[in-house]
Structure formats: structure tokens, C-alpha cells
1. Full-extension gain between E92 and E137, please, as 0.36 nm times their residue separation minus the C-alpha to C-alpha distance.
2. Report the one residue of H32, A21, P73 whose Cα lies farthest in the direction of the positive end of the charge dipole of the range 18-74 (charges on C-beta: Lys and Arg +1, Asp and Glu -1; origin at the Cα centre).
3. Between L31 and L151, with labels modelled 7 Å along Cα→Cβ, what's the label distance in nm to one decimal, could you check?
4. Using a 1.4 Å probe on the protein chains only, how many percent of the accessible area of the chain belongs to carbon and sulfur?
5. Only sites in a loop by DSSP and with at most 15 other Cβ atoms within 10 Å count here; which GluC sites (Glu not before Pro) in the range 97-165 make the cut?
6. Taking all protein chains together and a probe of 1.4 Å, list D158, D17, D62 from the most accessible to the least accessible.
7. Subtracting the Cα-Cα distance from 0.36 nm times the residue separation, let me have the gained length for H81 to R117 in nm, one decimal.
8. A164 to S63: FRET efficiency via 1/(1 + (r/R0)^6), r the Cβ-Cβ distance, R0 45 Å, to the nearest 0.05?
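The values are calculated or read from the model by the stated rules, or taken from the named source; none is laboratory data. Note that the structure is a prediction, hence the values are computed from the model and not measured. With ideal geometry, Cβ positions are generated from the backbone for all residues, glycine too; neighbour counts draw on all protein chains shown. These accessible areas exclude ligands, DNA and RNA; they are computed on the full protein's heavy atoms, side chains included. Shrake-Rupley method; radii C 1.70, N 1.55, O 1.52, S 1.80 Å.
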Amino acid sequence: MPELPAPRVRAARVEDDAELALLDRLTWSHLHAVMPEPRPPHPPFFDERHSPEDCLVAELGDSLAGYLSLGFPTPLESNRHVRQIQGLAVAEEARGRGVGRALVRAAVEESRRRGARRITLRVLGHNAPARALYAAEGFAVEGILPGEFLLEGTYVDDVFMGRAL
């Protein structure tokens, strides 16, 4: 059996917009999303709050396999030493191939490169695969907001995780 290529992570480019927007719609699920399911007309992926410079993409061969968005948890200057993972998606056909792990590791390195001292994220309590990935990459649960979201008739915890860089 031929060996599968390892994911290659790079900074997003403006021309990735349409493909990232499609991936975002295709991977939408209440397993990880608190926003309603996307409906047309679909907005662009990049906007005034989300720029290509703050997005990492993973490729498997010539295909875009996933993305991770980095941002700041607040607009406060006193919080600029912290970066936050604000979105992570992996294409269905690329799951189980190390794409999410490669993106998280790249986000940690990019955050360090940008001078951050901490990296944080929020994940839904019922998203066991994502929580396990983050824990395996050194993130610890730092707080839980019980029943913070009502998704499909079920109250779901909002879990804060973080790690030092």
C-alpha cells in the first residue's frame, strides 16, 4: 500500500477564499458550531475580522484538507500576549490523516513566532475528538461554562482550554 502524504501547512492566501468558504459549509455541524447552519447567500470566508494572515491551511497533495483560524481573545492591549484558536475544520475525506494535529502544531509555532506567551481555545463539551486532540497537544481545561449553548434541544457545555508557549 502506498504511503499517504503528510499534510503540508501554509499561510492562507486571498485566493483560498472560495475553497475555504465551501469547506466551512461542508464541515458545519453542531458537534463544533454554535452558529446556525449556513444558508445562502453565503458570505466570503475572509472579511474585516478574519484575514488570510490569521489563517493556516493544510493541504494533502493538491487538495485543501483543512484550516485553522487564529485571533485574539479580546481587543484589549493587556491581552495581546494571548492568541486564540477561533476555528478549526478538516475535510471529511482527510480526517484521521493528521491534518488537525498538523494545524494545531503549526498554530502553536505561529503564535510563538508572533510573540504570544499563551494560546487558548473554546470547544464544546460534547466534541470528544477535538478535546482529545487538544489535550494530546498540551492544552488543559481551564474552565467550563455548564449548559452555555442550547443546540438541537440539548444544553452543551463551553469548555475553555489553554497552554503556555
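1. On the way: separation 45, 0.36 × 45 = 16.20 nm, distance 2.14 nm.
Answer, rounded to one decimal: 14.1 nm.
2. Ranked along the dipole, the leading option is H32.
3. Label at L31, label at L151, 1.0 nm between them.
4. Details: 5230 of 9680 Å².
With neighbouring chains kept in place, the figure for the chain is 54 percent.
5. Values: sites: E109, E110, E137, E142, E148, E152; in loops: E137, E152.
Here the GluC sites (Glu not before Pro) that fit, given the DSSP loop and packing criteria, are E152.
6. Values: D158 5, D17 35, D62 160 Å².
Descending order: D62, D17, D158.
7. Values: separation 36, 0.36 × 36 = 12.96 nm, distance 0.55 nm.
Full extension from H81 to R117 adds 12.4 nm.
8. Working: r = 34 Å, r/R0 = 0.76.
It comes to 0.85.
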